[in-house]
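**Q** Below you will find the structure I want to go over with you.
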Amino acid sequence: QFRLTATAGRNNVLRNILRASDMDFRTVTLDARNEGERLGAGMGINGFSTSGLTLDTLNIGVWRREERLNYHARLRNRPGNIDQMALIAVRGSVQGNTATALLHQENREGRTGFNFGLNASLTPDAVTVTMTPENPTFGYVPWTVNSGNFLTYGFDREMSADLHVIGDNGRRFEIVSASSESMPTGAVRLIMAGIDIGEVLGLFPAMPPVDG
């Protein structure tokens, strides 16, 4: 068993190297440990900045428990700094031929901008992705996702899908296997209606204004 901790402030070689690439930080902390069946490492960065964008507190962690590798990343910004991204968090795991990810974002008022998960599985012939939960949030709006949804990409370049993301007022985003004889084998259809792309892009900083 072991534990290693390290801290870097403003006056160090790492900061000088990053500044040459237009990046900077106030402090960085590192914590790595081996505690029997649990092996992991975490890093915290305060005041990271690049190209005029500042991220107040960023924490990243990776740890292994038995055969599963877990990970998380959490970003918090103080009031007045990127208020639409007051909190962004990602967590998930990797085990064998499967991987999961859950993404969550809140604005300064505590409203959830997006909350959804993706599960991926790999076989010798294809990779399949499913969306969870059945009531995700996109663009501060609740949606529903069909149970048993999937999107499969075969390594023979053929695809199949049954994904229906449905909102209110006729909004929808769907990817389904194409059944028309005019479509090639292994093709899918993309159906979009009533989706405000500008509202979704507005969740992220430095995005140009887009409407429609």
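Yes/no per residue for (1) modelled with pLDDT of 90 or more; (2) more than 30 Å from Glu109 (Cα to Cα):
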{"residue": "Gln1", "(1), (2)": "no, yes"}
{"residue": "Ala41", "(1), (2)": "yes, yes"}
{"residue": "Phe48", "(1), (2)": "no, no"}
{"residue": "Leu58", "(1), (2)": "yes, no"}
{"residue": "Leu87", "(1), (2)": "yes, no"}
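**Q** Of everything in the range 7-26 that's under 28 Å from the mean Cα position of the chain (by Cα) and open to solvent by less than 50 Å² (accessible area, probe 1.4 Å), which residue is farthest from Ile82 (Cα to Cα)?
**A** Checking each candidate, the answer is Ala8.
**Q** Within the range 100-120, can you find the residues that are open to solvent by 50 Å² or more (accessible area, probe 1.4 Å) and assigned to a loop (DSSP other than H, G, I, E, B)?
**A** Arg108, Glu109, Arg111
**Q** Looking only at the range 63-83, filter to residues that are touching a Gly at 6+ places or on another chain (Cβ under 8 Å) and either under 21 Å from Arg15 (Cα atoms) or open to solvent by 60 Å² or more (accessible area, probe 1.4 Å) (or both); which one of those is modelled with the lowest pLDDT?
**A** Glu67
**Q** Got at least one residue in the range 35-45 being closer than 27 Å to Asn81 by Cα and open to solvent by 30 Å² or more (accessible area, probe 1.4 Å)?
**A** Narrowing the range 35-45 to residues closer than 27 Å to Asn81 by Cα: 42-45.
With open to solvent by 30 Å² or more (accessible area, probe 1.4 Å) added as a condition, the list becomes 43.
Yes.
The values are calculated or read from the model by the stated rules, or taken from the named source; none is laboratory data. What you see is a predicted model; the values in this text were computed from it and never measured. Every residue, glycine as well, gets a Cβ built from its backbone with ideal geometry; the counts of neighbours run over all protein chains shown. Note: areas computed on protein heavy atoms with side chains; ligands, DNA, RNA excluded. Shrake-Rupley method; radii C 1.70, N 1.55, O 1.52, S 1.80 Å.
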